[in-house]
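Report on the structure given below.
The values are calculated or read from the model by the stated rules, or taken from the named source; none is laboratory data. Remember, predicted model here, so these are calculated numbers, not experimental data. Using ideal geometry, Cβ is built from the backbone for each residue, glycine included, and neighbour counts are taken over all protein chains shown. Accessible surface is based on the protein model in full, side chains and every heavy atom, while ligands, DNA and RNA are left aside. Shrake-Rupley method; radii C 1.70, N 1.55, O 1.52, S 1.80 Å.
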Amino acid sequence: MRSLWQDLRYAVRTLAKSPGFTAVAVLTLALGIGATTIIFSAIDSILIHPLIYKDADRLMSWVIHDVSKPTQNGRGGFSLPEYMDFDEQNHSFEGMQGIAALDVTYFDGQNTLLFDGSYVTPNTFDFVGVGPLLGRSLTVDDGRPDSPPVFTMSYRLWTTQFNQDPKIVGTTMTLNGMRRTLVGITPPRFRMMNRDIFIPIEMKHTDVLGSGTFPAYFAVRARLKRGVTLKDATADLTVIANRLSTVYQKDYPMHFSVISSMANDYIIGNFRITLYALLGAVLMLLLIACTNFANLSLARATAREREIAVRSSLGAGRGRLVQQLLVESFVLVIAASAVGTLFGYVGMQKFADAIPPGTLSSSTAVRFSLPALWIALGISTVAILLCGLAPALHAVGGNLNERLMGSGKTGSGPRHGRLRSVLVVAEVALSIVLLVGAGMAMRSLFAMQDVDLGFNPTNIMTARVNFPPGRNNTADQKRAFFQQVLTRVAALPGVKGATVAMSRPPYAGLGSEITVPNKTHTDRWNSLMELCSPTYFSTLGANVLRGRMLSDEDIDTARHVAVINEQFARNYFANEDPIGKTVKFNFLDRLPDAPHDAYFEIVGVVRNIRNQGVKDSTQPQAFVPYTITGAFPRMVLVRTTADPLAMLPSVRREISAVDSGVPLTQTGSIESFLEQSTYAGPEFSLIMMGATAGVGLVLVVIGVFSVMAYSVSLQTHDIGIRMAVGAQQRDVLRVVVRRGAGLIGTGILLGLLISFALARFVASQFWGVAATDPLTFAAVALIVAVTGTVACLLPARRASQVDPLLALRYE
């Protein structure tokens, strides 16, 4: 212990005398430790503890997948009777729970507010094992027919709208026209499906689709019995689904399969792959940092060879010398851990803020984790000490007499030079892998942003119009309402066009099986359907290719006409002119306020407009007058000459002038919607991968520069002799740069080979670009080659300016 304490004090004094080396080493290690802590904290929060629910590791869900549509996820919502049948007939679950989104209107005495609400099965809170913050939770008794109407509220809504007033529990509010009593406030982390109001539903075997009383479909979670595997449950569900497909024929494709997943996997989704990719990138960054530290330590140990030789000649054993050098590494580890922890704590909040909204469950709290910190520090400490061990062993090896007789500047020998060269090559190779990942993320994002949407998304404001129950529910009422709204909004200064639709491009929310007369086929034909006004195509800036657009007369009379897209014409009228043909949308037969057994005449063909988002191919779609049915909410789309969000107050005012009781939700622009729903995820990957790769490249530049600078300092005597016998400055410059370029070139080649080998494992993370994209590989190689060469030039230039006389007298 006495010798250890002596070494510790000596290490602190020695490091204090070399502030440059100490600062670079500490910052290098701190970056690796901080980044590792952030990713381990994210893994702990997102992968290990994503849910606060009871036995969350046994929660699962499933979808009914149409095998004829392999690119689509499948149906994950179930009607209430279907939910109850699954609950009663399964042999795999301890219990099931369902939730369905619901718009909830509330009048606060001045304004009509709209909340994100939900119907839930009455057993929801018992199922998830989450108690109330205030009051009580919903119980099974709350779902009985004779029970008084009640509801619970989320902590977020209680905070933002009601100022955390504890007296609000027990009060009665009018929600969607019904008086309900607030019985409890949920904990802060409980926001199932990001909803704020939870209303118990009466459990009964009644098909409520389209009734306007209850939602059509419930998202379902189930808890596996102990000992039951996901495979067992899937087989059980498949048997039940095959039985129910004969009862609920409209909800089941002709050929389907049941796809199950654990709730944690479903909630995390593809973000798990992103997180693992970032983990790999951060571990590479930590390895680069440790390699850089090893190189710096080796250079420092080499410069101290004569000191070590003297200590050895005075009786110090090899173990004692290794201990001294490792204690220095340990001191650096302590300093780097302190700085790295600070980096990790600050960076964790930035990381959480950068995660795209909607990526994770609202109950997942991404925060700095102490267990993750200890794991990260443990791994980093072991890695750093191992990297410090090699220089320590090299420093105490070799012939003692040669070191005592050699100069402090030339005694390194080839063994240290080879090790430093290997470390430089490893750093460059790892940085190549990181930069290729960042380059692929950037190319993928650019590919998404370059997709032709079929319309111009610039300066289009969107707002969802939500009608309270009993108001503007019929087709005639909606027609009268929107005719006034569109007239008033279109007259606003700065508005180029306004239209009403059912969904917001580039998505279409309503799908239907179709019937085309005189067409025989064995598979089901399906199409998306958009309810819209005549100005829909002009507002979006979409082109009609054949025939005509919808007209005002079509809207006023709810005429059975349709405009179809190119994909519809290609799929179902391959070699024919579709104009004048008819099509039936079978889904309309199930709606009470819609034409039944109605055939729509095709009057026009429009250019394909993306309707499955940016990534998926366009599906067949038809556009029909929005006045054919009063079902479903509507959206107002407004094209403006300037910032569309600046027009929102004016649009809200005009809609309120028509009906002050109609609230607006989902307000924003199509561009901002695309940013959040499509581009935010790739941008997050690009930012994280780019930051990691950038730090790695900086560390490589530091490593190359330090190694080349130290090599030049060791060769000062040799360079002086060469210049004394006639070598020119350009010759010395060329020799030094050639040596550095050789190391960099070897590292680039090795890194490209590793990146190519890893390409197939990360291909799913990138869209629109091949995982072995030659442009990305070439650009990365060029960047590293240029930066590496620049890092070599300064030491090379210093070497070329050596004065031969001073160099020969250096010792």
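Structural remarks
- Hey, Leu775 within 26 Å of Thr678 (Cβ to Cβ), at pLDDT 75 or above and loosely packed, with under 13 Cβ neighbours inside 10 Å or not: yes
- Considering Thr515, Thr458, the condition of being over 23 Å from the mean Cα position of the chain (by Cα), among the polar types (S, T, N, Q), surrounded by fewer than 18 Cβ atoms within 10 Å (Cβ to Cβ) and farther than 25 Å from Asp554 by Cβ is satisfied by Thr458 alone.
- Top-ranked residue in the stretch 684-694 [being surrounded by fewer than 21 Cβ atoms within 10 Å (Cβ to Cβ) and more than 12 Å from Thr359 (Cβ to Cβ); ranked as farthest from the chain's Cα centre (by Cα)]: Gly694
- In the condition set (1) open to solvent by 50 Å² or more (accessible area, probe 1.4 Å); (2) closer than 30 Å to Asn242 by Cα, Arg13 is compliant with all but (2).
- Candidate set: the stretch 431-453, residues that are over 20 Å from the mean Cα position of the chain (by Cα), surrounded by 21 or more Cβ atoms within 10 Å (Cβ to Cβ) and not polar (S, T, N, Q); chosen: the one farthest from Gly747 (Cα to Cα): Val433
- Test for Leu29: is it open to solvent by 10 Å² or more (accessible area, probe 1.4 Å), farther than 30 Å from Val662 by Cα and assigned to a helix (DSSP H, G or I): no
A quick yes/no check of all residues on (1) of a type in the set (Gly, Ala, Ser); (2) surrounded by fewer than 15 Cβ atoms within 10 Å (Cβ to Cβ); (3) within 22 Å of Asn456 (Cα to Cα):
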| residue | (1), (2), (3) |
| --- | --- |
| Phe537 | no, no, yes |
| Leu545 | no, yes, yes |
| Ile555 | no, no, no |
| His560 | no, no, no |
| Val563 | no, no, yes |
| Glu576 | no, yes, no |
| Lys584 | no, no, no |
| Leu591 | no, no, no |
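- Every condition in (1) open to solvent by 50 Å² or more (accessible area, probe 1.4 Å); (2) on the phi > 0 side of the Ramachandran plot is met by Gly74 except one, and the failing one is (1).
- Within the stretch 75-122, being part of a loop (DSSP other than H, G, I, E, B), of a type outside the set (Ser, Thr, Tyr) and touching a Pro at 6+ places or on another chain (Cβ under 9 Å) holds for Asn111, Pro122.
- Selection from the stretch 126-161 of residues that are in contact with a strand residue (DSSP E or B) (Cβ under 8 Å, 6 or more places away or on another chain), outside any loop (DSSP other than H, G, I, E, B), farther than 11 Å from Ile197 by Cα and among the hydrophobic types (A, V, I, L, M, F, W, C): Phe127, Val128, Leu134
- Of all residues in the stretch 653-671, exactly one satisfies the criterion of being open to solvent by 60 Å² or more (accessible area, probe 1.4 Å) and free of Cβ contacts under 8 Å to residues at least 40 places away in the same chain, namely Arg653.
- Residue match in the stretch 531-546 (condition: assigned to a helix (DSSP H, G or I), in contact (Cβ under 8 Å) with a residue 40 or more places away in the chain and of a type in the set (Val, Ile, Thr)): yes
- For Ser61, the criteria (1) among the polar types (S, T, N, Q); (2) open to solvent by less than 20 Å² (accessible area, probe 1.4 Å); (3) under 30 Å from Asn292 (Cβ atoms) hold in every case but one, which is (3).
- Residue that is surrounded by the fewest Cβ atoms within 10 Å (Cβ to Cβ) [pool: residues in the stretch 232-249 that are β-branched (Val, Ile, Thr) and in contact with an Asp or Glu (Cβ under 8 Å, 6 or more places away or on another chain)]: Val247
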